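Peer 1: My questions all concern the structure below.
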Amino acid sequence: MVNIIGHSRGAVAALMAAWFIYSYGNKDIQVNIFAIEPVPGPGNWWSTFTTLSPNVKHYAAIYAWDESIELSSDYLFTPVVPYPNEKMMQKKTSKASNSLWPFSNAWKNLGEKVLTPDPLGRSTSPQPIHYDLYVCRGRHSTLSGNITTDSKYDPSKNSSKFANVGDLIYLMARTYLSQRGTIFSESCAVTNTAHELRRAIVKYHDLFDVMGGGIYRTSRIYFRPYVRRIASGSGILSWNKLYMEDVVGDPPYEQYYPVTQERSGCSWVKWYFL
């Protein structure tokens, strides 16, 4: 068994690594992935990271709520939500593509034969198993431990109130890996419980509101510029992007996730709010 954790491009690399293990290594090796903000970037989006390979036993991913097109170059930070594999849908696994990598470019399309519903679409299928999607307050770098008020890198803007997000993700990642056999040589650096960290994030929700656009978050502005876009297909194509608030369902009212009046619907896959 292989456990992989990654943030941003590293999370995308984890998705690709699982395909490479399956296609060019031992197909019986199971892979668990803990992905933090899997963002492929503005280049080509290949099926090797828009789908989960058959050997992925469990997939957990956390996505930032307070990223938006108005505040950053959105095309650089559109995250991918990969299709669950067929085992997660409790179906027989289809024959995956093979290639003569590295002597061809066919490795880019290893996931083309994965036949499961779009995780961001509508479906009457039962919930996938071992496939967990989470939403957390903060922006792209906040989830990896950045504690500045605007998620950029000016240390004069550091605030310990934003550290609760990074601590929570660290605690979740460490727990996830430990439950799947990873042995750590050092004790956990976070002393607070997950419940305490989540309560602290809710307590300072107004700071995250400002981080993501302040009063404009819930106003009626055309094209919802302060709402994050996500994609399960090629995120470089604007028509493949969906408003995150239209996919994740209704946030728990006691957690103060800002949404616009235009928000509607949800995908068939259940999301969890941290």
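Peer 1: At least 1 residues that are in contact with a helix residue (DSSP H, G or I) (Cβ under 8 Å, 6 or more places away or on another chain), under 15 Å from Leu110 (Cα atoms) and among the aliphatic types (A, V, I, L, M) in each: list the strands (runs of 3 or more DSSP E) lying fully within the range 1-79 that qualify.
Peer 2: The qualifying strands (runs of 3 or more DSSP E) are 56-64.
Peer 1: So, one more: Can you report the number of residues in the range 244-274 which are polar (S, T, N, Q), crowded, with 17+ Cβ neighbours inside 10 Å and not in a loop (DSSP other than H, G, I, E, B)?
Peer 2: Matching residues across the range 244-274 total 0.
Peer 1: So, of the residues in the range 150-168 that are open to solvent by 90 Å² or more (accessible area, probe 1.4 Å) and part of a helix (DSSP H, G or I), which turns out to be nearest to Ala35 (Cα to Cα)?
Peer 2: Across the range 150-168, the extreme among qualifying residues is Ser160.
Peer 1: Any idea which residue in the range 169-205 is most open to solvent (accessible area, probe 1.4 Å), counting only those that are over 23 Å from Leu133 (Cβ atoms) and of a type in the set (Val, Ile, Thr)?
Peer 2: Going through the qualifying residues, I end up with Ile183.
Peer 1: Another question, then. Could you list, in sequence order, the residues of the range 81-109 that are at pLDDT 60 or above, over 15 Å from Gln127 (Cβ atoms) and either more than 21 Å from the chain's Cα centre (by Cα) or open to solvent by 20 Å² or more (accessible area, probe 1.4 Å) (or both)?
Peer 2: Selection gives Lys92, Thr93, Ser94, Ser104, Asn105, Ala106, Trp107, Lys108, Asn109.
Peer 1: Next question, about the same structure. Please go through (1) in contact with a Phe, Trp or Tyr (Cβ under 9 Å, 6 or more places away or on another chain); (2) over 22 Å from Pro79 (Cβ atoms); (3) not hydroxyl-bearing (Ser, Thr, Tyr) for His195 and return the number of the only condition it doesn't satisfy.
Peer 2: Of the numbered conditions (1) in contact with a Phe, Trp or Tyr (Cβ under 9 Å, 6 or more places away or on another chain); (2) over 22 Å from Pro79 (Cβ atoms); (3) not hydroxyl-bearing (Ser, Thr, Tyr), the odd one out for His195 is (1).
Let's see how each residue does on (1) closer than 19 Å to Asn240 by Cβ; (2) at pLDDT 95 or above; (3) surrounded by fewer than 21 Cβ atoms within 10 Å (Cβ to Cβ):
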| position | (1), (2), (3) |
| --- | --- |
| Ile4 | no, yes, yes |
| Ala13 | no, yes, yes |
| Phe49 | yes, no, no |
| Leu52 | yes, yes, no |
| Asn55 | no, yes, no |
| His58 | no, yes, yes |
| Ile62 | no, yes, no |
| Glu67 | yes, no, no |
| Leu71 | no, no, yes |
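Peer 1: Take the range 138-149 and flag every residue that is under 20 Å from the mean Cα position of the chain (by Cα) and either under 15 Å from Glu37 (Cα atoms) or polar (S, T, N, Q) (or both).
Peer 2: Gly138, Arg139, His140, Ser141, Thr142, Leu143, Ser144, Gly145, Asn146
Peer 1: What about Arg199, is it under 23 Å from the mean Cα position of the chain (by Cα), modelled with pLDDT under 95 and part of a helix (DSSP H, G or I)?
Peer 2: Against the criterion (under 23 Å from the mean Cα position of the chain (by Cα), modelled with pLDDT under 95 and part of a helix (DSSP H, G or I)), Arg199 does not qualify.
Peer 1: For the range 14-55, which residues satisfy the criterion of being small (Gly, Ala, Ser) and without any contact (Cβ under 8 Å) to a residue 12 or more places away in the chain?
Peer 2: Passing the criteria: only Gly25.
Peer 1: Test Glu245 against the stated conditions and say whether it is within 27 Å of Ile4 (Cβ to Cβ), among the acidic types (Asp, Glu) and at pLDDT 90 or above.
Peer 2: no
Peer 1: I've got another one for you. Any residue at all in the range 233-242 that's among the aliphatic types (A, V, I, L, M), at pLDDT 95 or above and under 23 Å from Val39 (Cβ atoms)?
Peer 2: No, that holds for no residue.
The values are calculated or read from the model by the stated rules, or taken from the named source; none is laboratory data. Keep in mind it's a predicted model, so treat the numbers as computed, not measured. Ideal geometry is used to build each Cβ from the backbone, glycine not excepted, and the neighbour counts take in all protein chains shown. Accessible surface areas use protein heavy atoms only, side chains included; no ligands, DNA or RNA. Shrake-Rupley method; radii C 1.70, N 1.55, O 1.52, S 1.80 Å.
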